[in-house]
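Notes follow the structure.
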Amino acid sequence: DGGITQSPKYLFRKEGQNVTLSCEQNLNHDAMYWYRQDPGQGLRLIYYSQIVNDFQKGDIAEGYSVSREKKESFPLTVTSAQKNPTAFYLCASSTRDRGLNYGYTFGSGTRLTVV
Amino acid sequence: DAKTTQPNSMESNEEEPVHLPCNHSTISGTDYIHWYRQLPSQGPEYVIHGLTSNVNNRMASLAIAEDRKSSTLILHRATLRDAAVYYCILRQAGGTSYGKLTFGQGTILTVHP
(Lines give C-alpha, C1' and ligand atoms only; values in the text may rest on other atoms or scores of the structure.)
Protein backbone atom coordinates (compact mmCIF):
# COMPACT_ATOMS: atom_id res chain seq x y z
CA ASP A 1 0.00 0.00 0.00
CA GLY A 2 1.17 3.53 -0.71
CA GLY A 3 1.96 5.83 2.15
CA ILE A 4 4.51 7.79 4.11
CA THR A 5 7.00 6.14 6.44
CA GLN A 6 8.67 8.10 9.21
CA SER A 7 11.46 6.62 11.24
CA PRO A 8 12.25 6.19 13.99
CA LYS A 9 9.00 6.48 15.94
CA TYR A 10 10.84 7.57 19.09
CA LEU A 11 14.21 9.28 19.20
CA PHE A 12 16.33 10.44 22.10
CA ARG A 13 19.13 12.92 21.61
CA LYS A 14 21.72 14.45 23.87
CA GLU A 15 22.00 18.19 23.95
CA GLY A 16 24.46 19.52 21.38
CA GLN A 17 23.98 16.64 18.94
CA ASN A 18 22.53 16.81 15.46
CA VAL A 19 19.92 14.22 14.57
CA THR A 20 18.25 13.30 11.26
CA LEU A 21 14.62 12.22 10.94
CA SER A 22 13.70 10.08 7.98
CA CYS A 23 10.65 10.54 5.74
CA GLU A 24 9.98 8.32 2.72
CA GLN A 25 6.90 8.23 0.50
CA ASN A 26 5.86 5.90 -2.32
CA LEU A 27 2.84 7.91 -3.42
CA ASN A 28 4.66 9.62 -6.30
CA HIS A 29 3.83 12.97 -4.71
CA ASP A 30 5.82 15.99 -5.81
CA ALA A 31 5.46 18.08 -2.65
CA MET A 32 6.66 17.15 0.83
CA TYR A 33 6.43 18.99 4.13
CA TRP A 34 7.78 18.90 7.67
CA TYR A 35 5.72 20.07 10.62
CA ARG A 36 6.42 20.33 14.30
CA GLN A 37 3.79 19.86 17.00
CA ASP A 38 4.16 20.77 20.67
CA PRO A 39 1.82 19.42 23.36
CA GLY A 40 -1.70 20.85 23.07
CA GLN A 41 -0.76 22.90 20.04
CA GLY A 42 -1.47 22.83 16.34
CA LEU A 43 1.13 21.99 13.70
CA ARG A 44 3.74 24.52 12.60
CA LEU A 45 5.49 24.32 9.24
CA ILE A 46 9.27 23.90 9.32
CA TYR A 47 10.26 23.33 5.68
CA TYR A 48 8.57 22.30 2.48
CA SER A 49 9.61 21.14 -0.97
CA GLN A 50 7.51 21.27 -4.10
CA ILE A 51 9.99 19.57 -6.43
CA VAL A 52 13.27 17.66 -6.21
CA ASN A 53 16.36 19.74 -5.42
CA ASP A 54 14.26 22.67 -4.24
CA PHE A 55 12.88 23.57 -0.81
CA GLN A 56 11.65 26.61 1.09
CA LYS A 57 11.64 27.68 4.71
CA GLY A 58 8.40 27.51 6.59
CA ASP A 59 7.41 29.49 9.65
CA ILE A 60 9.95 28.01 12.11
CA ALA A 61 12.97 26.92 10.03
CA GLU A 62 15.70 28.17 12.39
CA GLY A 63 17.81 25.31 13.73
CA TYR A 64 16.62 22.84 11.09
CA SER A 65 17.90 21.77 7.69
CA VAL A 66 16.51 19.57 4.90
CA SER A 67 17.49 18.07 1.58
CA ARG A 68 15.43 16.79 -1.35
CA GLU A 69 17.75 14.75 -3.56
CA LYS A 70 15.09 12.20 -4.46
CA LYS A 71 11.36 12.55 -5.03
CA GLU A 72 10.65 9.85 -2.47
CA SER A 73 12.75 11.21 0.38
CA PHE A 74 12.76 14.40 2.46
CA PRO A 75 14.97 14.00 5.55
CA LEU A 76 14.96 16.62 8.31
CA THR A 77 18.05 17.37 10.39
CA VAL A 78 17.53 18.92 13.80
CA THR A 79 20.76 20.76 14.54
CA SER A 80 22.29 21.76 17.85
CA ALA A 81 21.23 25.32 17.01
CA GLN A 82 17.57 24.40 17.62
CA LYS A 83 16.98 25.67 21.15
CA ASN A 84 13.97 23.59 22.05
CA PRO A 85 13.92 20.50 19.84
CA THR A 86 11.75 18.23 22.00
CA ALA A 87 8.53 17.82 20.00
CA PHE A 88 6.45 15.57 17.77
CA TYR A 89 7.60 15.83 14.15
CA LEU A 90 5.27 15.07 11.26
CA CYS A 91 6.08 14.61 7.60
CA ALA A 92 3.45 15.00 4.88
CA SER A 93 3.19 14.85 1.11
CA SER A 94 0.75 15.97 -1.55
CA THR A 95 0.40 16.23 -5.29
CA ARG A 96 1.30 19.47 -6.98
CA ASP A 97 -1.97 19.50 -8.86
CA ARG A 98 -2.88 23.09 -9.70
CA GLY A 99 -6.47 22.27 -8.89
CA LEU A 100 -5.50 21.29 -5.36
CA ASN A 101 -7.99 18.48 -5.56
CA TYR A 102 -6.12 16.29 -3.16
CA GLY A 103 -5.41 16.42 0.53
CA TYR A 104 -2.18 15.87 2.36
CA THR A 105 -1.07 12.43 3.46
CA PHE A 106 0.72 12.44 6.81
CA GLY A 107 3.17 10.01 8.32
CA SER A 108 2.74 8.62 11.83
CA GLY A 109 5.32 10.97 13.29
CA THR A 110 8.61 10.88 15.18
CA ARG A 111 8.67 11.91 18.82
CA LEU A 112 12.03 13.52 19.57
CA THR A 113 13.18 13.98 23.15
CA VAL A 114 16.35 15.79 24.16
CA VAL A 115 17.91 14.32 27.29
CA ASP B 1 -1.89 34.01 5.40
CA ALA B 2 -5.65 33.61 5.68
CA LYS B 3 -6.71 32.45 9.15
CA THR B 4 -9.48 30.27 10.50
CA THR B 5 -11.34 30.46 13.81
CA GLN B 6 -12.79 27.38 15.50
CA PRO B 7 -14.27 26.71 18.94
CA ASN B 8 -11.73 25.20 21.31
CA SER B 9 -13.91 22.22 22.15
CA MET B 10 -17.27 20.59 21.47
CA GLU B 11 -19.12 17.62 22.88
CA SER B 12 -21.54 15.18 21.36
CA ASN B 13 -23.33 11.98 22.18
CA GLU B 14 -22.76 8.81 20.23
CA GLU B 15 -25.10 8.27 17.26
CA GLU B 16 -26.02 11.97 17.12
CA PRO B 17 -25.01 14.42 14.36
CA VAL B 18 -22.17 16.83 15.02
CA HIS B 19 -21.75 20.23 13.39
CA LEU B 20 -18.24 21.68 13.69
CA PRO B 21 -18.11 25.36 12.69
CA CYS B 22 -15.23 27.30 11.17
CA ASN B 23 -14.95 31.00 10.36
CA HIS B 24 -12.58 32.20 7.63
CA SER B 25 -13.61 35.75 6.89
CA THR B 26 -10.37 36.63 5.08
CA ILE B 27 -10.53 33.74 2.63
CA SER B 28 -9.44 34.56 -0.90
CA GLY B 29 -11.29 33.46 -4.00
CA THR B 30 -8.87 30.64 -4.80
CA ASP B 31 -8.35 29.19 -1.32
CA TYR B 32 -9.65 25.67 -0.75
CA ILE B 33 -11.23 24.78 2.61
CA HIS B 34 -9.71 21.61 4.05
CA TRP B 35 -10.62 19.61 7.15
CA TYR B 36 -8.30 17.19 8.91
CA ARG B 37 -8.60 15.31 12.17
CA GLN B 38 -5.92 14.04 14.51
CA LEU B 39 -6.03 11.31 17.11
CA PRO B 40 -3.53 11.39 20.00
CA SER B 41 0.05 10.58 18.98
CA GLN B 42 -0.91 10.12 15.33
CA GLY B 43 -0.51 12.19 12.21
CA PRO B 44 -3.52 14.16 10.98
CA GLU B 45 -5.95 12.40 8.68
CA TYR B 46 -7.57 14.10 5.70
CA VAL B 47 -11.36 14.32 6.08
CA ILE B 48 -12.79 16.47 3.31
CA HIS B 49 -12.21 19.63 1.30
CA GLY B 50 -14.17 22.02 -0.90
CA LEU B 51 -14.05 25.29 -2.78
CA THR B 52 -17.56 26.70 -3.21
CA SER B 53 -20.12 23.89 -3.32
CA ASN B 54 -21.14 21.59 -0.51
CA VAL B 55 -19.28 18.28 -0.54
CA ASN B 56 -20.06 14.80 0.72
CA ASN B 57 -17.85 11.77 1.17
CA ARG B 58 -17.93 8.59 3.18
CA MET B 59 -16.54 10.29 6.25
CA ALA B 60 -18.44 13.57 6.44
CA SER B 61 -20.17 16.45 4.71
CA LEU B 62 -18.87 19.97 4.24
CA ALA B 63 -21.31 22.85 4.07
CA ILE B 64 -19.83 26.10 2.73
CA ALA B 65 -21.56 29.44 3.20
CA GLU B 66 -22.52 31.31 0.07
CA ASP B 67 -20.04 34.11 0.84
CA ARG B 68 -17.39 31.46 1.74
CA LYS B 69 -16.59 33.23 4.99
CA SER B 70 -17.60 30.22 7.05
CA SER B 71 -18.03 26.48 6.73
CA THR B 72 -19.35 23.57 8.78
CA LEU B 73 -18.08 20.02 8.97
CA ILE B 74 -20.94 17.61 9.55
CA LEU B 75 -20.51 14.16 11.04
CA HIS B 76 -23.88 12.56 10.48
CA ARG B 77 -23.70 9.99 13.28
CA ALA B 78 -20.88 10.43 15.73
CA THR B 79 -19.07 7.35 16.98
CA LEU B 80 -16.49 7.02 19.74
CA ARG B 81 -13.82 6.72 17.03
CA ASP B 82 -14.69 10.24 15.85
CA ALA B 83 -13.28 11.74 19.05
CA ALA B 84 -10.29 13.76 17.85
CA VAL B 85 -8.96 17.24 17.22
CA TYR B 86 -10.54 18.66 14.06
CA TYR B 87 -8.64 21.27 12.05
CA CYS B 88 -10.22 23.63 9.54
CA ILE B 89 -7.53 24.89 7.18
CA LEU B 90 -7.32 27.10 4.12
CA ARG B 91 -5.12 25.65 1.42
CA GLN B 92 -3.65 28.52 -0.52
CA ALA B 93 -3.73 28.31 -4.28
CA GLY B 94 -1.49 31.19 -5.21
CA GLY B 95 1.80 32.96 -4.71
CA THR B 96 4.68 31.70 -2.62
CA SER B 97 2.28 30.02 -0.22
CA TYR B 98 0.92 27.72 -2.93
CA GLY B 99 -0.26 24.41 -1.54
CA LYS B 100 0.73 25.10 2.04
CA LEU B 101 -1.52 24.15 4.94
CA THR B 102 -1.43 26.45 7.97
CA PHE B 103 -2.85 24.74 11.04
CA GLY B 104 -4.66 26.56 13.83
CA GLN B 105 -5.53 25.20 17.27
CA GLY B 106 -8.42 23.07 16.08
CA THR B 107 -11.55 21.87 17.90
CA ILE B 108 -11.32 19.04 20.40
CA LEU B 109 -14.36 16.84 19.86
CA THR B 110 -15.46 14.65 22.75
CA VAL B 111 -18.01 11.92 22.03
CA HIS B 112 -19.96 10.48 24.97
CA PRO B 113 -21.28 6.91 24.92
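The values are calculated or read from the model by the stated rules, or taken from the named source; none is laboratory data. Not measured: the values here are computed from a predicted model. Please note: Cβ atoms are built from the backbone with ideal geometry, for glycine as well, and neighbour counts cover all protein chains shown. Remember, those area values only see protein heavy atoms, side chains included, never the ligands or the DNA or RNA. Shrake-Rupley method; radii C 1.70, N 1.55, O 1.52, S 1.80 Å.
Observations on the structure shown:
- Accessible surface of segment B:2-64, 1.4 Å probe, proportion on carbon and sulfur as whole %: 47 percent
- When the GluC sites (Glu not before Pro) in segment A:1-89 are filtered for DSSP coil states and for at most 12 other beta-carbon atoms within 10 Å of their beta-carbon, the remaining sites are A:15, A:62, A:69.
- Exposure of residue B:30 as accessible area (Å², to 10), given a probe of 1.4 Å and all protein chains: 80 Å²
- Drop in accessible area of at least 20 Å² in the complex versus isolated chain, residues of segment B:38-67, 1.4 Å probe: B:38, B:41, B:43, B:44, B:46, B:49
- Available extension along the chain between residue B:81 and residue B:8 is 24.4 nm, counting 0.36 nm per residue and deducting the alpha carbon span.
- Free of any trypsin sites (Lys or Arg not before Pro) that DSSP assigns to a loop and that have at most 16 other C-beta atoms within 10 Å, the longest stretch within chain B is B:4-57.
- Taking 14 Å as the cut-off, the amide N atoms of segment A:1-16 that come nearer than this to a point 7 Å along the Cα-to-beta-carbon line of residue A:26 belong to A:1-6.
- Proximal lysines relative to residue A:83, as straight alpha-carbon distance under 18 Å, when same-chain residues fewer than 8 apart are discounted: A:14, A:57
- Within chain A, longest stretch clear of exposed trypsin sites (Lys or Arg not before Pro) (DSSP loop, no more than 11 other Cβ within 10 Å): A:15-82
- Summed residue charge, Cβ within 13 Å of residue A:21's Cβ, Lys/Arg positive, Asp/Glu negative: +3
- Segment A:15-115: translational diffusion in µm²/s, Stokes-Einstein, Kirkwood Rh over Cα pairs, 37 °C, 0.692 mPa s: 238 µm²/s
- Eligible aspartates and glutamates near residue A:71 by straight Cα distance, threshold 12 Å, same-chain separation 8 or greater: A:24, A:30, A:54
- Averaged over the residues of peptide A:3-10, the number of Cβ atoms from other protein chains lying within 10 Å of each residue's Cβ is 0.
- For the protein assembly as shown, the share of DSSP beta bridges that are antiparallel, to the nearest 5, is 85%.
- Peptide A:40-47 - average C-beta neighbours from other chains (10 Å radius): 4
- Within-13-Å neighbourhood charge of residue A:7 [Cβ basis; K, R +1; D, E -1]: +1
- For chain B, the average shadow cast by the Cα convex hull is 6.7 nm², which is a quarter of the hull's surface.
- Solvent-accessible surface of segment A:38-115, averaged per residue with a 1.4 angstrom probe and all protein chains in place: 46 square angstrom.
- Accessible surface of chain A, 1.4 Å probe, proportion on carbon and sulfur as whole %: 45 percent
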